[in-house]
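Down below is the structure, laid out as structure tokens.
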Amino acid sequence: MTGPCRWLTIFVLGFSFSLPALAADDDIAELRAEIERLSQRLEQLEQDRRERHEEKVVSVPAPRQEKQLKFKGDVRYRYEMIDQEGKEDRNRNRVRARFGATARVNDSVKAGIQLGTGGDSPVSGNQSLDGGFSRKDFGLNLAYVTWQMAPGSSLTAGKMKNPLHRAGGHGLIWDSDVNPEGVAWQYQANGVFTNVVGLYVEERSSADDSLMFGGQLGFDTDVAEDMDFKGGIGYYVYTNTVGNKPFFDGDDSAGNTLVDGLLVNDYRQVELFAELGLKVSEWPAAVFANYVQNTDASDNDTGYAVGISVGQFSWAYQDLEADAVIGTFADSDFGGGGTGVSGHVFKAKHPIAKNWAASLTFFLNDFGAPGAPEKDYRRLQADMQFKF
């Protein structure tokens, strides 16, 4: 019983004992019984109040905290037609699936992993639907740790998403599926950005290893309202390439020049890139240009790409000579993949519903080794992509 209830009871009892002694005994007994009932009622009310208070305290939700573990993935279904001069036309259906997670280790460190289809190819996650319903390969796409060293500055180690900027999202130097392995430092502040990498490319038991060191330096600035410009330079050095087999598949030159099955050039690539973003009748639009030259090759050493996009439509033109870049890592679809290719690519994309989009891509290309007649290459891709 709380203080006020207790004192009220004492007061009423005291008042009852002060009644004249001449009062009838039955009246006194009745009054005392009424006081007892009142006291019990007050105690019950106080108990109900305490219980309601406890229920409110228990039902108050705990404050929300940032998720420590996040999952995401995507599935793509593709129909593809290839018309390559000198070969039978190909029609195939393909799938790509990826699933990964990122975890916040602490306030400055996060880790990520991703699994995906595509076997061990560094430039494709596709699996063709054939082989008598055979099981499809699934491998490690990503396994990295990122340390946020300071605002705008981060260090990543492991098998990571490509930290190097690709102008216009085009694959002149890097296919979109390449996930390099090594260490990368990225910095961005006041419109200036830099990406520095040290990558492990090929470990050899009987010869020196091949590494890649390089980086980009650029700037990103607003030119006017609804218009921004990004530009920069890049420099990439591959060690111990000349006299060794091509990377990944030693029997596939990917367009690079070989003698007796061995690379005849080292690769020191200088890159220039520029992009202009703007709006056209409320549609996002962009124009880009990308140039690369291998300063260690004596000829067939340059490549360039230009393109535009408006809304969900885009076009690009590319001319990539045989030894301008490492062919193994260039766009795997353009001209059949690798270097020694030129031509156009047209793309259209349409969102169907939330996290569901359809796209159509057409390649109108030529390919051929230096000094050999060029051959026609046509490729059509119709995609359905779902994200979750």
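Every number here is computed from the coordinates shown, using simple stated rules; none is lab data. In this text the structure is predicted, and so the values were computed from the model without any measurement. Ideal geometry is used to build each Cβ from the backbone, glycine not excepted, and the neighbour counts take in all protein chains shown.
Okay, here's what the table says:
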read-out	value
Amide N of the range 257-282 lying under 12 Å from the label point, which is placed 7 angstrom from the Cα of Asn240 along Cα→Cβ	none
Most fluctuating residue given options Phe133, Phe334, Phe367, as computed from a GNM of the chain linking Cα atoms under 10 Å	Phe133
Spin-label model distance (nm) - Trp283 vs Ile35, 7 Å beyond Cα toward Cβ	9.2
Rough spin-label spacing in nm, given labels placed 7 Å along Cα→Cβ, for Leu129 and Arg50	6.9
Cα gyration tensor shape for the range 180-230, rounded if a/c is under 1.5, else prolate or oblate	prolate
Rounded D (µm²/s) - the range 96-209, Kirkwood Rh over Cα pairs, Stokes-Einstein at 20 °C, 1.002 mPa s	133
Extension gain (nm, one decimal) between Lys161 and Thr295, 0.36 nm per residue minus Cα-Cα	45.6 nm
Too-long pairs where the Cα-Cα distance tops 28 Å, listed order kept, from Lys245/Lys387; Lys159/Lys375; Lys245/Lys347; Lys110/Lys245; Lys72/Lys159; Lys87/Lys347	Lys245/Lys387; Lys159/Lys375; Lys245/Lys347; Lys110/Lys245
Efficiency of FRET from Cβ geometry, Ala111 and Asp249, R₀ 35 Å, rounded to 0.05	0.70
Peptides 194-203, 85-94 ordered by average Cβ neighbours within 10 Å, highest first	194-203, 85-94
Kirkwood Rh (inverse of mean 1/r, distinct Cα pairs), the range 261-377, angstrom	15.8
Estimated vicinal HN-Hα couplings, Hz - the range 177-190 in sequence order (Karplus 6.51, -1.76, 1.60; Gly, Pro = x)	8, 5, 10, x, 10, x, 10, 9, 10, 10, 9, 8, 6, 6
Folded to 0 to 90 degrees: helix 25-59 orientation relative to the chain principal axis, Cα	10
Kirkwood Rh, angstrom, the chain [1 / mean 1/r, Cα pairs]	25.9
Net dipole in debye of the range 69-387 [+1 Lys, Arg Cβ; -1 Asp, Glu Cβ; about Cα centre; nearest 20]	1700
